[in-house]
Amino acid sequence: MLFNYHPPKDPYLDIVYHDDDILILNKPSGLLSVPGKGEHLSDCLERRAQKNFPNALTVHRLDMDTSGLMVMGLNKFAHRHLSLQFQNRNVDKTYFAWVYGNFQKKEGMIDLPLICDWDNRPKQMVNFENGKPSQTKWQVIKQNKNKTLVRLTPLTGRTHQLRVHMNELGHPILGDRFYAHDEALNMSNRLCLHASAITVMQPIKKIKINFKAPAPF
């Protein structure tokens, strides 16, 4: 579904913060995090960052359709240190999403193991036998007639985790071309999922720093 890849150009690179070790960027929806297969998929956040910061290396990824904060390391030590923070779940991440329908409860926890749906890649699916443990906390922020703004806190970092978990609750994310039913898909011209806050430890100074980027929807 990437054959019509037309990544946004304005802003070309939204730099939130940088020092000698880390680079924090605000990725727009529609831009790949890293290069895809083929020259037509070469434009991505990592390549754009490397034009200004030649040593920048991606630590984690956001889906192409998801917008928000991404962290890169600016040297090998920082990249490894940051990668281990993500691997050991020492990074706090907050997302906001508009989802279809209304909730009866105000908050909850989703605990559904996920695995790649190989026949429908890159889609993921719930699989209780072979799936990897996946947990997401959710909290209602506000509700309208047929949609709800939720704060999502992933405790794990599986591919498409938030998208699948919301869909499994019966509340697909608006504009989700992989999982939403037609009504939810057509309620937005983009995936209404944004990585709005992240807290990481500065690799050299060993202090935790928090970054925020308001949701554009």
### Query
Just for the stretch 196-213: of the residues that are in contact with a helix residue (DSSP H, G or I) (Cβ under 8 Å, 6 or more places away or on another chain) and in a strand (DSSP E or B), which one is surrounded by the most Cβ atoms within 10 Å (Cβ to Cβ)?
VAL200
### Task
Please go through the stretch 37-82 and pick out each residue that is farther than 21 Å from ILE198 by Cα and acidic (Asp, Glu).
GLU39, ASP43
### Task
Please indicate, with yes or no, whether at least one residue in the stretch 24-34 is of a type in the set (Val, Ile, Thr), more than 13 Å from the chain's Cα centre (by Cα) and surrounded by 21 or more Cβ atoms within 10 Å (Cβ to Cβ).
no
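Would you mind listing the helices (runs of 4 or more DSSP H) fully within the stretch 76-195 where at least 2 residues are closer than 30 Å to HIS18 by Cβ and not aromatic (Phe, Trp, Tyr)? Steps first, answer last, please.
On the way: elements: 76-87, 161-168, 182-185.
Qualifying helices (runs of 4 or more DSSP H): 76-87, 161-168.
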### Query
Of (1) farther than 22 Å from VAL91 by Cβ; (2) surrounded by fewer than 18 Cβ atoms within 10 Å (Cβ to Cβ); (3) under 15 Å from the mean Cα position of the chain (by Cα), LEU155 satisfies all except one. Which?
(1)
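Which of the following residues is of a type in the set (A, V, I, L, M) and open to solvent by 70 Å² or more (accessible area, probe 1.4 Å): LEU169, LEU162? Steps first, please.
On the way: LEU162 fails: open to solvent by 70 Å² or more (accessible area, probe 1.4 Å).
After ruling out the rest, the residue left standing is LEU169.
Do you know which residues across the stretch 47-60 are open to solvent by 30 Å² or more (accessible area, probe 1.4 Å) and either assigned to a helix (DSSP H, G or I) or under 20 Å from GLY157 (Cβ atoms) (or both)? Write out each step before concluding.
Of the residues in the stretch 47-60, the ones open to solvent by 30 Å² or more (accessible area, probe 1.4 Å) are 47, 50-55, 57.
Matches in the stretch 47-60: ARG47, GLN50, LYS51, ASN52, LEU57.
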### Query
What number goes with the only condition from (1) without any contact (Cβ under 8 Å) to a residue 24 or more places away in the chain; (2) in contact with a strand residue (DSSP E or B) (Cβ under 9 Å, 6 or more places away or on another chain) that PHE128 does not pass?
(2)
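Just checking, which of ASP21, ASP63 is acidic (Asp, Glu), open to solvent by 10 Å² or more (accessible area, probe 1.4 Å) and under 22 Å from PRO214 (Cβ atoms)? Break it down stepwise before answering.
On the way: ASP21 fails: under 22 Å from PRO214 (Cβ atoms).
That would be ASP63, the only listed residue that is acidic (Asp, Glu), open to solvent by 10 Å² or more (accessible area, probe 1.4 Å) and under 22 Å from PRO214 (Cβ atoms).
The values are calculated or read from the model by the stated rules, or taken from the named source; none is laboratory data. In this text the structure is predicted, and so the values were computed from the model without any measurement. All Cβ positions, glycine included, derive from the backbone under ideal geometry; neighbour counts span all protein chains shown. Ligands, DNA and RNA are excluded from the accessible area calculation, which covers all protein heavy atoms including side chains. Shrake-Rupley method; radii C 1.70, N 1.55, O 1.52, S 1.80 Å.
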